[in-house]
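Have a look at the structure below, then the notes.
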Amino acid sequence: MKQPIGIIDSGVGGLTVAKEIMRQLPNENIVYLGDTARCPYGPRSSEEVKTFTWELTRFLLTKEMKMLIIACNTATAVVLDEIRNELPIPVLGVISPGARAAIKKTVNHRIGVIGTEGTIRSKAYEMALKQINRRTVVHSLACPKFVPLVESGEYAGSLTERIVSETLQHFNNKRLDSLILGCTHYPLLEPIIRRVMGEEVEIISSGEETAREASVILSHLHLLNTSEEAPNHQFFTTGSKEIFKKIASEWLQITSPNVNRITL
């Protein structure tokens, strides 16, 4: 089926999931909407997050998507079940896939989670991890400075290195062997996070596992795109088209991504 996979996020972070979809499902068309004008969602109330996520979803429904991926961890924690119950298409979040990936990797069952204030406050990762293995020790940390760094395109450099290093000192002496990047923006900071945490800590991004789950579901439902046409990816943002285009071009390695600015 040629209909696109829809991906929504609070901003550019969901591009990390889009990149994995493009890698694992190279025939699929993607339609992406990042709410960069109202990013970040982490500090917002649950009601605001719910309202915004439904607005993004309704917009993508006009694009006749065959599957929706809620790439924002905060939105996944707040409204995934509600949207999944309402829509006639498969709806995936990023928290359960991220938790499963971490459980596969951990040896000592001491797992760190970093995310927005909303995601950490929800304890969604902690519940997902303990549901799989109740012996898991979870250390969670909100990192409110990380998303603005990524959204501004400043995901490298000495300032970013200093902020990441100071923030992650929280995990000193916690004996973690795995760290979940509980926000889809954070993989853009992964090289710095990896240096700060050290080689002995596995860095877990939910994008790979989410794309794998999408592949299994689409195959099972006979919804994979079997067309021989080149895939067509469309990107929409509620904020700066130029900043979004620059980050999408760098991260997805697309020369001139098709980006349009919309108002919801």
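Computed from the coordinates by the stated procedures, all read-outs in this text should not be read as laboratory data. Here the structure is a predicted model, which is why all the values come from computation and not from measurement. Glycine gets a Cβ as well: all are built from the backbone with ideal geometry, and neighbour counts include every protein chain shown.
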Of all residues being touching a Ser or Thr at 6+ places or on another chain (Cβ under 8 Å) and not small (G, A, S) in region 115-129, which is surrounded by the fewest Cβ atoms within 10 Å (Cβ to Cβ)? Just the residue, please.
K123
If I filter region 164-206 down to residues being within 21 Å of G153 (Cβ to Cβ) and among the polar types (S, T, N, Q), which single residue comes out as surrounded by the most Cβ atoms within 10 Å (Cβ to Cβ)?
T184
Count, please, the residues in region 241-264 that happen to be in a helix (DSSP H, G or I), surrounded by 15 or more Cβ atoms within 10 Å (Cβ to Cβ) and not aromatic (F, W, Y).
7
Checked region 3-18 for anything in contact with a strand residue (DSSP E or B) (Cβ under 7 Å, 6 or more places away or on another chain) and surrounded by fewer than 24 Cβ atoms within 10 Å (Cβ to Cβ); matches are P4
Checking A156 against (1) within 21 Å of the chain's Cα centre (by Cα); (2) in a helix (DSSP H, G or I); (3) surrounded by fewer than 17 Cβ atoms within 10 Å (Cβ to Cβ): exactly one of these is not met. Which one?
(2)
Taking interchain pairs and intrachain pairs at least six residues apart, which have beta carbon atoms under 9 angstrom, with the first residue in region 34-45 and of a type in the set (S, T, N, Q) and the second surrounded by fewer than 24 Cβ atoms within 10 Å (Cβ to Cβ) and assigned to a loop (DSSP other than H, G, I, E, B)?
T36/T238; T36/G239; T36/S240
Name every residue in region 118-137 that is over 15 Å from the mean Cα position of the chain (by Cα) and within 19 Å of T76 (Cα to Cα), in order of residue number.
R121, S122, K123, E126, M127, A128, L129, K130, Q131, I132
Residues in region 82-114 that are under 18 Å from T136 (Cα atoms), surrounded by 20 or more Cβ atoms within 10 Å (Cβ to Cβ) and not β-branched (V, I, T) total 7
